[in-house]
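Q: Input: one structure, supplied below.
Values in this text are rule-based calculations from the coordinates and carry no lab data. Not measured: the values here are computed from a predicted model. Cβ placement follows ideal geometry from the backbone for every residue including glycine, while neighbour counts extend to all protein chains displayed.
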Amino acid sequence: MKKTCIVLWIAALFLVACSEQKPSGIATIERQQVHGDGTATSLYSGDAVDYDTYFTSERLRLDFVLAGDKDHQQVYLSELHREAKWAGSPNGLIDPFGYGQYFFEAFVGEKLVYSKGFSTLFEEWRTTEQATQVAMAANQTLWMPFPKEKIHIVLYQRIRNTGMLEPFFDCDVDPADRHIIPGAENDFAVVPLLNNGDMAHKVDLVFSGEGYTAEQMPKLHQDAERFMDYFFSMEPYCSRKDDFNVWLVESVSEESGVDIPQSGQWRRTVCNSGFDTFYEDRYLTIMDQRKVASVYSGAPFDALFIIANETKYGGGGIYCSYAMGTSDHQLSNEVFIHEFGHSFAGLADEYYYGSTYLDYYPSNVEPWEPNITTRVDFASKWEDMVEEGLPIPTPNEEEYMGHVGLFEGGGYMTKGCYRPYYDCRMQTNTAPGFCPVCQRAINRMIDFYVK
Ligand SMILES: [Zn+2]
């Protein structure tokens, strides 16, 4: 661990949405090492990485354990796996977004060859009341292309009250290590639902089933097809359909349904998912993310969604980790598209009620999510999209519906956190669609996976 320095990531969003030369317009990151005397040295400015020089066509999976409480967090490596084909773009090895509660880097010598931001359910738990009372642990998984030579891995956690990323774990991984476990952990079939071509230049969205028995595989297919049709009926996914492949992992559970502890319902399922996460009725998640990794161990993917065979309303989505929702509630489609927004594009909730996450976003820190702001660094968000002449902040009144502005209320907070639009799918299930700011963020993520 490097204790003498902190590493500060500055996500400088060069907003080039209007530029025809560079329509992809994704954020760029400069990483700075901040020294004790306050001076900073730029470490990384975006050198290209040649995929074939550093990686095989396979995927490296790192299983580790996060442990701690509200104030402390530690990480322990557990297992390494060599898995299915890497589905990501060979040109998308360095994360340009800087999203997530964590950041992960892999080096060959001094050269950064891979990076990725992500979030975890464990980090969310650390903000709950329970984390002030007890320390807990949870499994987490990371994926990256399988290296050809020894790599050095550094894991960063984002410090809540500063927004900075600090290194808190590092280790070497030797691809020749004979303890790296090869192959899939199951024999679930992976079947295509939409094939638009080479997975290296498509977003490979992969569904799986949770709480579907072997006899219920036809239902899983129907549910996945229905979600897929809904997905491509909404912008920006509708216009970008050609950029996607869609697959289904036919994951089988012993029993039908999922755990609903508040009703005394317990089921033996492949991911051991359950409602009542953090004692919230509708929050359906999987505490042990390694079970998700295991289900997907034979499937190449860029983004995944777990369909839970249940009628109850609920779901959850965690950036670059997983998203899930139930199959048979009347709002299941809406939950799916919302939760996938979290996991795929790093979108924040734009709603602002409830008490579990009171003051979730500190007022002195610009949130990393692209669709909310504390106005600490609004220029890095959607300031360029705010319509001229609109009052700032924009009153929460219907006459401002349909305009990109700066509406107070978002990120679970009624005050001090702002959203871009009167209504959006990241706020309600009744909004006509994603707001223009969320759509831009989704488009940028698609661009990253297909370039
Ligand atoms: Zn939005």
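Q: Applying the Karplus parametrisation 6.51 cos²θ - 1.76 cosθ + 1.60 with θ = phi - 60° to the phi angles of the range 431-447, what ³J(HN,Hα) value in whole Hz is obtained for each residue in order, glycine and proline being reported as x?
A: Per-residue couplings from phi come out as 4, x, x, 6, 5, x, 6, 5, 4, 5, 5, 5, 4, 5, 5, 4, 4 Hz.
Q: Turning to a different aspect of this structure: Within the chain, what percent of beta bridges assigned by DSSP are antiparallel, to the nearest 5?
A: Numbers: 69 of 89 bridges.
Expressed as a percentage, antiparallel bridges in the chain total about 80.
Q: Quick one: Cα centre-to-centre distance for the range 50-122 and the range 381-451, in angstrom?
A: Here the two parts' Cα centres lie 30 Å apart.
Q: Taking H placed 1.01 Å from N in the peptide plane, check which residues at least 5 places from PHE244 or on another chain put their amide H under 5 Å from its amide H.
A: Counting only residues 5 or more places away or on other chains, the set is VAL203.
Q: Extending each Cα 7 Å along its Cβ direction at ASP177 and GLU398, get the distance between those two points in nm, one decimal.
A: 6.0 nm
Q: So what is the relative contact order for the range 51-182, in percent, with contacts set as C-alpha pairs under 8 Å and at least six apart?
A: 32 percent
Q: Between ALA214 and ARG268, with labels modelled 7 Å along Cα→Cβ, what's the label distance in nm to one decimal, could you check?
A: The two pseudo-label positions are separated by 1.3 nm.
Q: Which distance in nm do the two modelled labels at GLN330 and SER239 give, with both placed 7 Å along the Cα-to-Cβ direction?
A: Each label point is offset 7 Å from its Cα along the Cβ direction, giving 3.2 nm.
Q: Just list whichever of LYS219/LYS312; LYS148/LYS381; LYS291/LYS312; LYS70/LYS116; LYS111/LYS148 have alpha carbons separated by over 26 Å in the model shown.
A: Values: LYS219/LYS312 17 Å; LYS148/LYS381 38 Å; LYS291/LYS312 22 Å; LYS70/LYS116 24 Å; LYS111/LYS148 14 Å.
Violating the 26 Å Cα-Cα cut-off are LYS148/LYS381.
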